[in-house]
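Every read-out reported here was derived from the displayed coordinates using simple, explicitly stated rules and does not represent laboratory data. What you are looking at is a predicted structure, and each value in this text was computed from that prediction instead of being measured. For neighbour counting, all protein chains shown are included, and Cβ atoms are generated from backbone atoms with ideal geometry for every residue, glycine included.
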Amino acid sequence: MTKTITPRLLSEKEASQYICMSRSFLRQARMDGNRENRTPAPPFIKIGRAVRYLREDLDAWLESFVRRTSLYQDERVA
């Protein structure tokens with residue numbers, strides 16, 4: 001019986017595929033930090049020179065962008 005292990009930490013390449021964003025976005029967002037009018041970087045871990053992303057952090061980061069209503073509905077309410 002073989003047991004498949006799902007890694008908790010993802011490399012930059014794996015993280016970019018997981019969130020459907022480019023590796024250059026991840027690099028730039030890490031360097032810029034959270035700037036006004038920019039998409040914030042997902043949380044990351046630095047182990048020596050290696051950058052890794054926790055799967056749970058990426059899920060939470062993606063969830064923070066979910067909109068439950070359309071923009072049109074938001075304008076009507078206001």
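For the chain, calculate the relative contact order in percent as a whole number, restricting contacts to Cα pairs under 8 Å that are 6 or more residues apart. The partial results should precede the final answer.
Numbers: 53 pairs, mean separation 22.6, N = 78.
With pairs under 8 Å counted, the relative contact order is 29 percent.
If I model a spin label as a point 7 Å beyond the Cα along the Cα-Cβ vector, how far apart are those points for Val66 and Thr39 in nm?
With each label point 7 Å from Cα toward Cβ, the separation is 1.8 nm.
Region 1-49: which trypsin sites (Lys or Arg not before Pro) are DSSP loop and have at most 14 other beta-carbon atoms within 10 angstrom? Could the numbers behind the result be given before it?
Details: sites: Lys3, Arg8, Lys13, Arg23, Arg27, Arg30, Arg35, Arg38, Lys46, Arg49; in loops: Lys3, Arg8, Arg35, Arg38, Arg49.
For trypsin sites (Lys or Arg not before Pro) across region 1-49 that sit outside H, G, I, E and B with at most 14 neighbouring Cβ atoms in 10 Å, the list reads Lys3, Arg8, Arg35, Arg38, Arg49.
Taking square-rooted eigenvalues a ≥ b ≥ c of the alpha carbon gyration tensor, is region 9-50 rounded, prolate or oblate, where a/c under 1.5 means rounded and, failing that, a/b exceeding b/c means prolate?
It comes out oblate by the Cα gyration axes.
With Cα Rg over 2.2 N^0.38 Å in mind, check [x] 1.53; [y] 1.39; [z] 1.27 and report the label derived from this structure.
So the structure-derived entry is [y].
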